[in-house]
1. Write out the trypsin sites (Lys or Arg not before Pro) in the range 326-433 meeting two conditions: DSSP loop, and at most 10 other Cβ atoms within 10 Å of their Cβ.
2. What does the charge add up to near residue 383, with Lys and Arg as +1, Asp and Glu as -1, over the other residues with Cβ less than 9 Å from its Cβ?
3. Can you list residues whose amide H is under 5 Å from residue 43's amide H, if they're 5+ apart or on another chain and H is modeled 1.01 Å from N?
4. Taking neighbour Cβ counts within 10 Å as the exposure measure, how do 377, 459 sort from fewest upward?
5. To the nearest 500 deg cm²/dmol, what mean residue ellipticity at 222 nm is calculated for the chain from DSSP H runs of n ≥ 4 alone, each contributing -39,500 (n - 2.57), summed and divided by the residues?
6. Within the chain, what's the longest stretch lacking GluC sites (Glu not before Pro) that sit in DSSP loops with no more than 13 other Cβ atoms inside 10 Å?
7. Kindly write out, for the range 480-492 in residue order, the coupling ³J(HN,Hα) from the Karplus curve 6.51 cos²θ - 1.76 cosθ + 1.60 (θ = phi - 60°), rounded to whole Hz, with x marking Gly and Pro.
8. Give me the extension gain from residue 307 to residue 472: residue separation times 0.36 nm, minus the current Cα-Cα distance, reported in nm with one decimal.
Amino acid sequence: MLQVFQTMPGVTRATDGSDLYVRGGDPTETPVFVDGARLFYPGTFETLDGGIFGVLDPAVLRRVYFSSGGFSARWGNALSGVLDVETEGRPAGSGWRAGANLASLGGTLRVPLTARSGAWGSATATDASALLWMQNRLDEFEAPPRAFKGVAGMVIEPQDGLEIRATALAESDRTEVIADALGYRGPLHSSGTTRLASVSGRAGRPGEGPAARASLATSERATAFVFGVLDRQRTDRQISLRVEAETGSISRALRAGIEVARLSFRENGFVPATASIGPGAPRAAVSDGAGVTHHAAIFTESETRPHEALALVAGARIDRLPGESRWTMDPRLAVALKLGDWTLRGGSGTFRQGRWRVRYQLPDDGRPSGVPTRARHYTIGAQRDGPVSLRIEAFRKVYDGYAAAGSGPAAVRGAAEGVDVLARWSADAATGWLSYSLLNGELELADGQRVPSPFAVTHTLTAVLRIPVGEQLELGTTTRYATGKPYTPVLGLRDSDDGGTPGPAYGPVNCSV
């Protein structure tokens with residue numbers, strides 16, 4: 001499913017994987033929620049450049065909400081975007097599905113249990129051998145990627161307007177790929193495990209009077225990487241509670257909620273001590289191999305329609321974010337005005353994310369370092385609906401509040417700006433969409449330099465076409481054009497300061513594409 005969102009405007013493919021790079025932001029800036037619970041990582045086959053496939057199964061999803069910026073005050077601890085998915089409701093009848101492709105084999109089962117309850121489940125086994133053989137890429141792997149994932153749910157509706165749901169998700173994968181990084185080429189052994197269990201419920205219907213929903217969840221993510229002198233294992237755990245309520249009608253509504261979470265990690269092994277990773281390079285045992293942090297937040301939001309053509313949404317969040325010691329407040333505002341067939345939209349707000357991160361990055365003296373903790377969004381756009389719909393949005397996102405992380409030149413400020421365009425059409429002969437993103441990203445370093453940001457893919461153009469053939473068959477194609485992302489070139493080797501293993505000699509920061 002993540003590859004579907006990579007075809008949307010505002011999302012670029014800075015790597016060959018499934019990660020979502022939203023408007024120049026790192027994938028960690030766009031969290032993924034399942035039934036109100038936050039996933040530590042939504043991918044499978046995680047490498048040092050991200051995952052290959054997504055962990056979510058679109059066959060059992062009922063609703064998907066994705067925002068590439070300027071999202072509601074309901075969502076926090078996020079800087080660039082948010083992806084919120086809700087799994088299936090109570091099955092209306094029995095059914096099953098089976099499917100296979102060049103990389104996976106899976107199926108789905110739905111079973112009503114009583115007149116007001118039901119269960120469903122889906123499982124997929126993945127082996128990339130055939131896919132790699134067709135692409136003549138088997139020699140890039142010591143062992144082809146293999147994985148298994150499953151998700152199951154049980155839904156009870158004791159009465160109309162009341163739903164209780166239990167969801168469980170599990171995934172395990174392993175891959176052994178030949179990698180090239182920091183002047184060393186060799187096998188990267190990586191494995192990952194994701195688990196999530198949640199109980200959620202909702203009462204009432206939004207826009208039709210009082211409504212509420214809540215979720216209690218626990219999740220876990222375990223990863224292991226072995227590459228050169230890197231030999232690291234880490235396990236992250238989280239337990240979270242989220243409650244939100246809404247009252248009012250479509251023309252006037254008030255929302256409020258709270259969320260609390262406890263996050264912990266345990267890490268052991270060895271990591272590179274320098275920007276060299278090959279055998280014999282300096283390494284250090286993992287220090288501070290365990291830690292705990294918390295997230296607590298309260299938010300409120302009002303939506304009013306002073307005129308049938310005008311809508312105003314104003315909200316604010318108060319957070320104590322993971323890894324941070326102080327409370328913050330973030331205001332947000334959105335306006336929509338309908339003029340004939342067109343709807344004009346604008347919005348702005350402050351968005352924050354704690355410095356707590358799960359993903360590991362190799363020490364890289366050529367890569368700008370630091371983790372942004374605040375971003376200000378400004379958006380303005382227009383949309384026209386119809387058989388051929390068109391949406392245009394211009395944006396600017398300003399980063400600051402960088403926390404120290406990494407070994408490269410320190411970043412102190414950043415900015416991303418651009419335009420996203422989406423055209424969709426629907427007809428008996430064909431349906432599809434065309435998306436285009438123009439992006440300019442820049443970082444200011446501590447020494448005053450201004451350099452391109454690491455994920456600033458300037459042009460991204462995607463075309464999707466689906467043609468029905470009879471009543472049982474459909475042909476589809478996706479075409480993508482994109483420019484490259486900036487990187488810091490390695491010009492050669494330099495001697496180490498202590499006379500040990502030579503390290504890479506870098507050129508100007510992010511000067512190449």
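No lab work stands behind these numbers, since they all come straight from the coordinates. Only a predicted model underlies this, so the values are computations on that prediction, with no experimental measurement involved. No Cβ is skipped: glycine too gets one built from the backbone with ideal geometry, and neighbour counts run over all protein chains shown.
1. Values: sites: 326, 332, 338, 345, 352, 355, 357, 359, 374, 376, 384, 391, 396, 397, 413, 424; in loops: 326, 355, 357, 359.
Loop-located and lightly packed - 326.
2. Values: positive: 345, 384, 391; negative: 385, 393.
Taking every other residue near residue 383 into account, the sum is +1.
3. Amide H neighbours of residue 43, under 5 Å, 5+ apart: 55.
4. Working: 377 22, 459 14.
Ascending number of Cβ neighbours within 10 Å: 459, 377.
5. Details: 2 runs with 10 residues, N = 513.
Theoretical 222 nm ellipticity from helices: -500 deg cm²/dmol.
6. Details: sites that count: 308, 471.
That gives 1-307 as the longest site-free run.
7. Going residue by residue, I get 10, 10, 8, 7, x, 9, x, 8, 8, x, 9, 8, x Hz, with x marking Gly and Pro.
8. Numbers: separation 165, 0.36 × 165 = 59.40 nm, distance 4.58 nm.
Gain on stretching residue 307 to residue 472: 54.8 nm.
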